[in-house]
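To start, the structure itself, in structure tokens.
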Amino acid sequence: MIKKIFFCAFWVFSQSFLLFGQVKITFKSGKTAPLKSASEHLFLAGNFNNWNPADVAWQMQPDGNEGYQLLKDLPKGVYNYKITRGSWDAVECTTTGGSVDNRTLTLVNDTTVNFDVAGWQDNFATAEKKHTVSAQVHVISDRFEMPQLGRQRRVWIYLPADYGSSKNKYPVIYMHDGQNLFDDYSSGYGEWGIDEFLDKVTTAKECIVVGIDHGGNERIAEYDPYDSKYAKGRGVDYTAFLVKTLKPYIDVNYRTKKEAKYTTIAGSSTGGLISMYAAIKYPDVFGNAGIFSPAFWIAPEIYKLAKQTSLNKKSRFYFVCGDAESDLMVSDMKKMADLIREKGIKPENSPVTVIKGASHNEKQWNADWPGFYSWLMTN
């Protein structure tokens with residue numbers, strides 16, 4: 001499940017490429033670590049096939065020269081992918097068993113891609129994962145009730161170092177994908193490092209962070225307020241849970257600054273989408289929003305909502321993404337920023353940051369976090 005979740009943040013971008021013309025691409029294997037049997041096959045798994053590691057439509061064929069090849073027509077765009085032998089347990093890796101970054105391909109014209117595979121993950125012992133959470137992180141509950149969704153979910157909380165010794169009240173940031181925020185052990189593909197960063201901030205800039213785990217296969221549905229071809233949207237229910245159940249609980253049980261100007265919602269990919277929706281829908285609850293690499297394309301209705309809603313002119317939105325995520329990521333994000341500025345949000349309260357060469361992953365969002373936090377704590 002963890003390896004399947006690893007890729008769910010990426011595959012949603014595949015349909016955005018349909019806007020572009022088709023080009024022909026040939027994938028060819030070069031030096032490849034030996035297969036375990038003659039009955040095995042090589043597969044490509046990426047954002048072009050929902051990261052399916054055993055998709056027969058993306059199975060490579062012998063080329064007659066002890067190698068493999070695959071011919072495909074794809075829309076122009078930016079793609080991320082890996083080579084597998086039919087499962088994520090048998091995904092490509094380094095010669096020592098280390099994980100490798102997703103391969104990235106920018107398609108503009110007909111092309112041939114040659115690749116080598118240094119090793120296969122199932123030939124190496126699984127590395128022991130270790131907990132990396134700081135002492136300031138606690139699990140409120142492994143089964144926190146979500147009555148609006150009829151489910152339970154793990155909820156984390158980060159408390160400032162002086163929380164137990166002071167009587168201070170603190171701003172609160174609510175974040176999605178909780179298993180990826182604080183602990184490498186619970187994350188399948190790296191953590192944001194929120195706790196390590198906050199452990200170093202000054203007392204004047206301390207805050208509480210609440211992290212809600214995503215629901216695995218329910219992630220897309222819960223982080224989308226609208227129905228799509230991928231799931232029936234439950235984002236309306238999810239945000240109602242945040243507003244009507246979780247925030248009241250946090251405000252009663254912890255010393256918080258309850259006002260909207262001290263309350264932030266933040267997330268990445270579809271987590272960025274649902275954060276945008278929550279900030280528009282509940283401006284009296286969430287006065288600030290961190291919109292990291294937002295998957296606006298999956299829910300174009302979000303633009304209509306922003307146009308039709310009278311925004312609180314004091315609301316603040318921080319937009320950030322990499323320019324190597326997809327052809328539409330930057331333009332989609334800037335479109336939303338322009339739209340809310342037309343509604344009266346000042347540029348300093350809606351900055352747009354585009355990181356050159358950055359991709360769609362936790363490594364990027366870890367690097368994006370300090371800039372966002374510095375902006376958030378200003379004024």
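Every residue, every condition in (1) touching a residue at least 12 places away in the same chain (Cβ under 8 Å); (2) over 19 Å from Tyr238 (Cβ atoms); (3) of a type outside the set (A, V, I, L, M), yes or no:
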| residue | (1), (2), (3) |
| --- | --- |
| Ala299 | yes, no, no |
| Ile302 | yes, no, no |
| Gln308 | no, yes, yes |
| Gly322 | yes, yes, yes |
| Asp332 | yes, yes, yes |
| Arg341 | no, yes, yes |
| Thr353 | yes, yes, yes |
| Gly357 | yes, yes, yes |
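Do any residues in region 199-228 that are in contact (Cβ under 8 Å) with a residue 40 or more places away in the chain and closer than 21 Å to Ile291 by Cα have Cβ atoms under 6 Å from those of residues that are aromatic (Phe, Trp, Tyr) and in a helix (DSSP H, G or I), where the two are at least six apart or on different chains, and which pairs are they?
Pairs found: Glu222/Tyr238; Pro225/Tyr277.
Find the residue count for region 104-138, including only residues that are part of a strand (DSSP E or B) and touching a helix residue (DSSP H, G or I) at 6+ places or on another chain (Cβ under 9 Å). Steps first, answer last, please.
If we filter region 104-138 for residues that are part of a strand (DSSP E or B), which is where we start, we get 104-107, 111-117, 119-120, 137-138.
Narrowing the set further to residues that are touching a helix residue (DSSP H, G or I) at 6+ places or on another chain (Cβ under 9 Å) leaves 107, 120, 137.
Qualifying residue count, region 104-138: 3.
How many of the residues making up region 168-219 are at pLDDT below 95, among the hydroxyl-bearing types (Ser, Thr, Tyr) and within 24 Å of Glu145 (Cα to Cα)?
Within region 168-219, residues that are at pLDDT below 95, among the hydroxyl-bearing types (Ser, Thr, Tyr) and within 24 Å of Glu145 (Cα to Cα) number 3.
Could you please find all residues in region 114-151 being within 30 Å of Thr96 (Cα to Cα), charged (D, E, K, R) and in contact (Cβ under 8 Å) with a residue 24 or more places away in the chain? It would help to see each step written out before you state the result.
Within region 114-151, the subset within 30 Å of Thr96 (Cα to Cα) is 114-134.
Okay, now just the ones that are also charged (D, E, K, R), so 116, 122, 128-130.
Result: Asp116, Asp122, Lys129, Lys130.
Can we say Ala279 is assigned by TED's automatic domain parsing to the domain that holds Asn349, under 21 Å from Asp368 (Cα atoms), in contact with a Ser or Thr (Cβ under 9 Å, 6 or more places away or on another chain) and in a helix (DSSP H, G or I)?
Numbers: assigned by TED's automatic domain parsing to the domain that holds Asn349: yes; under 21 Å from Asp368 (Cα atoms): yes; in contact with a Ser or Thr (Cβ under 9 Å, 6 or more places away or on another chain): yes; in a helix (DSSP H, G or I): yes.
So Ala279 fits the description; yes.
Taking the condition on the phi < 0 side of the Ramachandran plot, among the polar types (S, T, N, Q) and touching a Ser or Thr at 6+ places or on another chain (Cβ under 7 Å), does Ser268 pass? Walk me through it before giving the result.
On the way: on the phi < 0 side of the Ramachandran plot: yes; among the polar types (S, T, N, Q): yes; touching a Ser or Thr at 6+ places or on another chain (Cβ under 7 Å): yes.
Against the criterion (on the phi < 0 side of the Ramachandran plot, among the polar types (S, T, N, Q) and touching a Ser or Thr at 6+ places or on another chain (Cβ under 7 Å)), Ser268 qualifies.
Identify all residues within region 232-254 that are assigned to a loop (DSSP other than H, G, I, E, B) and buried (at least 17 other Cβ atoms within 10 Å of the Cβ); write none if there are none.
Going through region 232-254, the residues assigned to a loop (DSSP other than H, G, I, E, B) turn out to be 232-234, 254.
Residues satisfying the conditions are Gly233, Arg234.
Is it the case, given these coordinates, that Ser141 is among the hydroxyl-bearing types (Ser, Thr, Tyr), outside any strand (DSSP E or B) and surrounded by fewer than 17 Cβ atoms within 10 Å (Cβ to Cβ)?
Numbers: among the hydroxyl-bearing types (Ser, Thr, Tyr): yes; outside any strand (DSSP E or B): no; surrounded by fewer than 17 Cβ atoms within 10 Å (Cβ to Cβ): yes.
Here the answer is no, as Ser141 does not meet what is asked.
Of these, Ala289, Ala367, Ala306, Ala324, which one is hydrophobic (A, V, I, L, M, F, W, C), under 18 Å from the mean Cα position of the chain (by Cα) and more than 27 Å from Glu206 (Cβ to Cβ)?
Numbers: Ala289 fails: more than 27 Å from Glu206 (Cβ to Cβ); Ala367 fails: more than 27 Å from Glu206 (Cβ to Cβ); Ala306 fails: under 18 Å from the mean Cα position of the chain (by Cα).
Residue meeting the stated conditions: Ala324.
Any residue at all in region 275-287 that is in contact with a Pro (Cβ under 9 Å, 6 or more places away or on another chain) and farther than 19 Å from Arg341 by Cα?
No: zero hits.
Confirm whether Thr106 is closer than 30 Å to Lys31 by Cα, touching a Ser or Thr at 6+ places or on another chain (Cβ under 6 Å) and either touching a residue at least 12 places away in the same chain (Cβ under 8 Å) or assigned by TED's automatic domain parsing to the domain that holds Gly215 (or both).
Here the answer is no, as Thr106 does not meet what is asked.
Can you tell me how many residues within region 152-194 are among the acidic types (Asp, Glu) and either assigned to a strand (DSSP E or B) or buried (at least 21 other Cβ atoms within 10 Å of the Cβ) (or both)? Before you say what the answer is, go through the steps one by one.
The initial filter retains those residues of region 152-194 that are among the acidic types (Asp, Glu), namely 162, 177, 183-184, 191.
Applying the additional criterion that residues be either assigned to a strand (DSSP E or B) or buried (at least 21 other Cβ atoms within 10 Å of the Cβ) (or both) yields 177, 183, 191.
Residues in region 152-194 being among the acidic types (Asp, Glu) and either assigned to a strand (DSSP E or B) or buried (at least 21 other Cβ atoms within 10 Å of the Cβ) (or both): 3 in total.
Taking the condition part of a helix (DSSP H, G or I) and closer than 19 Å to Ile265 by Cβ, does Trp365 pass? Before the answer, list the steps.
Numbers: part of a helix (DSSP H, G or I): yes; closer than 19 Å to Ile265 by Cβ: yes.
Considered against the rule, which asks whether it is part of a helix (DSSP H, G or I) and closer than 19 Å to Ile265 by Cβ, Trp365 comes out as yes.
Might you let me know whether region 79-100 holds any residue that is among the small types (Gly, Ala, Ser) and assigned to a helix (DSSP H, G or I)?
We begin by selecting, within region 79-100, every residue among the small types (Gly, Ala, Ser); these are 86-87, 90, 97-99.
Restricting the remaining residues to those that are assigned to a helix (DSSP H, G or I) gives 90.
Within region 79-100 (the criterion being among the small types (Gly, Ala, Ser) and assigned to a helix (DSSP H, G or I)), the answer is yes, since at least one residue qualifies.
Of Pro53, Pro147, Pro75, which residue is surrounded by fewer than 20 Cβ atoms within 10 Å (Cβ to Cβ) and outside the structural domain of Val210 (by TED's automatic domain parsing)? I'd like the intermediate steps shown before the answer.
Working: Pro53 fails: surrounded by fewer than 20 Cβ atoms within 10 Å (Cβ to Cβ); Pro147 fails: outside the structural domain of Val210 (by TED's automatic domain parsing).
Going through Pro53, Pro147, Pro75 in turn, the sole match is Pro75.
Select from region 96-127 the residues that are touching a strand residue (DSSP E or B) at 6+ places or on another chain (Cβ under 8 Å) and among the acidic types (Asp, Glu) and list them in ascending order.
Asp110, Asp116
Among the residues of region 301-324, count how many are over 10 Å from Ile280 (Cβ atoms) and either crowded, with 22+ Cβ neighbours inside 10 Å or hydrophobic (A, V, I, L, M, F, W, C) (or both).
Counting residues in region 301-324 that are over 10 Å from Ile280 (Cβ atoms) and either crowded, with 22+ Cβ neighbours inside 10 Å or hydrophobic (A, V, I, L, M, F, W, C) (or both) gives 7.
Which count do you get for residues in region 19-50 that are surrounded by fewer than 19 Cβ atoms within 10 Å (Cβ to Cβ), within 27 Å of the chain's Cα centre (by Cα) and under 20 Å from Ser87 (Cα atoms)?
Final tally of qualifying residues: 2.
Rundown of residues vs (1) outside any loop (DSSP other than H, G, I, E, B); (2) crowded, with 18+ Cβ neighbours inside 10 Å; (3) modelled with pLDDT of 90 or more, yes/no style:
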position: Gly290; (1), (2), (3): yes, yes, yes
position: Ser326; (1), (2), (3): no, yes, no
position: Lys334; (1), (2), (3): yes, no, yes
position: Asp338; (1), (2), (3): yes, no, yes
position: Glu348; (1), (2), (3): yes, no, yes
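The values are calculated or read from the model by the stated rules, or taken from the named source; none is laboratory data. Because the structure is predicted, anything quoted here is derived from the model rather than measured. When we count neighbours, we look across all protein chains shown, and the Cβ atoms used for this are built from the backbone with ideal geometry, even at glycine.
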